[in-house]
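This report concerns only the one structure given below.
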Amino acid sequence: MTRPDASRTDPWSSGQVNVTRTGEDPRRWWGLVVIALAQLMVVLDATIVNIALPSAQQDLGMSDANRQWVITAYTLAFGGLLLLGGRIADLVGRKRTFMIGLVGFAAASALGGAATGSGMLFAARALQGVFAAVLAPSALSLLTTTFTDPKERGKAFGIYGALAGSGSAIGFIVGGLLTEYLNWRWCLYVNVPIAVIAFFGALVLLHDRPGHAGARLDVPGVLLGCGGLVAIVYGFSEAQPRGWSDPLVLTLLFGGVVLLAVFVWWQSRAPMPLLPLHIVKDRNRAGCFLTMGLAVIGMFGLFLFMTYYLQVVLAYSPVRTGLAFLPMTAAIIVGSTQISARLMNRVAPRMLMVPGMVLAASGMVILTQMTVDSSYTTEILPALLLMGLGMGLTFMPVFSTATAGVAPQDSGVTSATVNTSQQVGGSIGTALLNTIATTSSTAYITSHLTDPSRKALIIKEGVVHGYTVAIWWAAGIMLLAGLIAGLMVTTKPPKQGAQAPTPVPESVA
């Protein structure tokens, strides 16, 4: 047991880190601010450029076919390389990896903001994704090893879950403000000061043990796992412009599945596996991974459709569009910090996750009734509030349960797996639901376009019809996520006799 006056030197921070009798760092809540800043930056960057995309396309002369790469280059690199980033965090050291990720992300953001052509912007966005894949798992694993007391862990993960769930919506708000009042380049430049603040905060406030000297990286696992994820994410991103029956799309999806199957086989035999299979064999953890992936499929689809609905159909400005998501963001924060965080130690995680998914699906069902002239206040706002509250209830117990009881040397790769399910789910949701919406819109317009004088209205009605059909699918996927959470996540609350999260040794905390 660490003595009250004991202290320990952190080679990557200034001075001594005092540790309490329980092994907790008294500055851990300030450390949470640093971790939260980095996580917010990573999550909102998946959407912050969406509203700015039309301006960037015009400024850099991008074609309609190529503009998708501003979004896809980021999510592709991020989702495909997260497992590698998680294992690097375990081998090199979580704090060191966290700080390297911050520096790289800031540099890539500055490069993208200064882009003189579309190719330079695409490359910068991909580079952002690479460093986000390093930064995100180290941030979550630092949180996991910093907060080991069940009550404090609930509060910390409530804040983290709120950021994970609301970061995308915040990206729309910030992107709209920056685009309208400055220009699209500031949607990338804004990351630089955030990263600088987080870097110096990490230097002073965060501490961690060194990486595992002598440990080796599973190179075949890296190639198989990352290659399979990249192929699948790339295949889904190409399904929207090319179609699901395109040979390239089918080859990528089939090849990705084969690579992942070989990856699983190799992980059972590798001497130092990239993803130890005991992490995903745990029933509760696997249920959390599936719940997260399915929930985000519906969530990213909602962001995509509502952005276009508000700007194109209802003719909102970029700022007004971003602010329209603000109530949903507030509901996510309330659900995570005021409901889930308070109940996490009193009820089983699935008692939060299942109602959360039902609430989110109910919000989706309300949106299926929207028309070309729906009122935001009476028809859109209630749905967004239900969606936000449901996602807030779900995200915090998912993150907390998925990372509970993990050995310190596996915390980085476990955190990466949670983030991977989130990013891959978002990529799949965008491609799948967008394809459903486009197909339904085309069929509607073709069957209803009998009067040329009503062409403009029929096209607009067809677009909204496509959105509502896709949102029905999203609601079904949300309910499936709730079903999986109810059946697979059977762990009990820590205070009711179930095993609490495994404490991290005091030499690590």
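Shown in residue order for the range 56-62 are the 3J(HN,Hα) couplings computed by the Karplus curve 6.51 cos²θ - 1.76 cosθ + 1.60 at θ = phi - 60°: 5, 4, 5, 5, 9, x, 6 Hz (x for Gly and Pro). At full extension, Tyr181 and Val257 could sit 22.9 nm farther apart than now, given 0.36 nm per residue minus the alpha carbon distance.
The Cα atoms of the range 338-473 cover 66, 31, 17 Å along the three principal axes, with the biggest extent listed first.
Tell me the trypsin sites (Lys or Arg not before Pro) within the range 325-402 that lie in a loop according to DSSP and have at most 15 other beta-carbon atoms within 10 Å. Taking the range 325-402 and a limit of 15 other Cβ atoms within 10 Å, the loop trypsin sites (Lys or Arg not before Pro) found are Arg346.
The relative contact order of the range 73-150, computed from alpha carbon pairs under 8 Å that lie at least 6 residues apart in sequence, is 49 percent. Once the Cβ-Cβ distance of Ala407 and Leu381 is raised to the sixth power relative to R0 = 56 Å, the FRET efficiency obtained is 0.80.
All of the numbers you see were taken from the coordinates with simple rules; none came from a lab. Note that this is a predicted model, so its numbers are computed, not measured. Glycine gets a Cβ as well: all are built from the backbone with ideal geometry, and neighbour counts include every protein chain shown.
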